[in-house]
Amino acid sequence: MTTTETFNIKLAELKSQIIEVQKNKNTSGVLLYKDYLSKMYEWYVALGIEEKWLINIYKTKDGHNLFHLLAPEFNNDLIDLEDFRINYLNDVTILNSKYRGFEYIYVYLYIYWQIFKNSPRFEKYQNLPDPYEPVIKILLRGNHVYKGEMSTIEVDNLSIKRQTDFRLPSLDYDFLEYIDEICIRSGSGGIPNQEKTNQLWEDFKKLRKIS
């Protein structure tokens, strides 16, 4: 099976999971994106280009593409991103924000990451986190990521702080739902910090009797 055939199968699987009706603004989507930013910063540090993180992530879409940063020759193995944007997502309405939106980029990168993450070219980075799992879960839960004003990135109209030290203790779907139940988002004031998020995870584990 060719790489493109594998890509198309995984894309079809992902499309079947995407929620077509946008959910109400939620808190966990913001935390997922903060988690993503932190993981991407860890990758930038490992690559020795951490000084480029801010401008790459907030001002360019290419800065999210680890294939380009790690091994530009990968581009020869990938479907052209612009071709993907125009021709592969027309049947998924939630991904139709094609100008400011980051959704199509994350779908594209997430699928290719699943295909290539065990490539020998990435062997030396096996201890680093999966960078795209947090953002794909934002989309799968019916929310949006897009470029805001003044070089900001927004999750459902809330600008995300340029933070590099936040981590979700778990990406479990039930835990994300629990966060949304407990923390009603009201602007940025309803977003828990790391300490509060860690405590929510401890409370959730007790409720679900998770060790």
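Each residue of region 47-63 was assigned a 3J(HN,Hα) from its phi angle through the Karplus curve 6.51 cos²θ - 1.76 cosθ + 1.60 (θ = phi - 60°); the sequence is 7, x, 10, 4, 5, 8, 4, 4, 5, 5, 6, 8, 10, 9, 7, 5, x Hz, with glycine and proline shown as x. Carbon-plus-sulfur accessible fraction, the chain (probe radius 1.4 Å, protein heavy atoms only): 48%. Based on DSSP H segments of at least four residues, each scored -39500 (n - 2.57), the chain has a per-residue ellipticity at 222 nm of -14500 deg cm²/dmol.
The amide H of Gly101, built 1.01 Å from its N in the peptide plane, has Lys147 as neighbours under 5 Å, considering only residues 5 or more places off or on other chains. Centroid-to-centroid, using Cα positions, region 107-136 and region 144-173 are 20 Å apart. With contacts taken as Cα pairs under 8 Å at a separation of at least 6 residues, the chain carries a relative contact order of 33 percent.
Quick one: angle between helix 173-182 and the longest Cα principal axis of the chain, in degrees between 0 and 90, rounded to 10, please. The answer is roughly 40 degrees.
In the context of the full set of protein chains, region 96-211 has a per residue accessible area of 51 Å² (1.4 Å probe).
The values are calculated or read from the model by the stated rules, or taken from the named source; none is laboratory data. Only a predicted model underlies this, so the values are computations on that prediction, with no experimental measurement involved. Please note that ligands, DNA and RNA were not included when accessible areas were found on the heavy atoms of the full protein model with its side chains. Shrake-Rupley method; radii C 1.70, N 1.55, O 1.52, S 1.80 Å.
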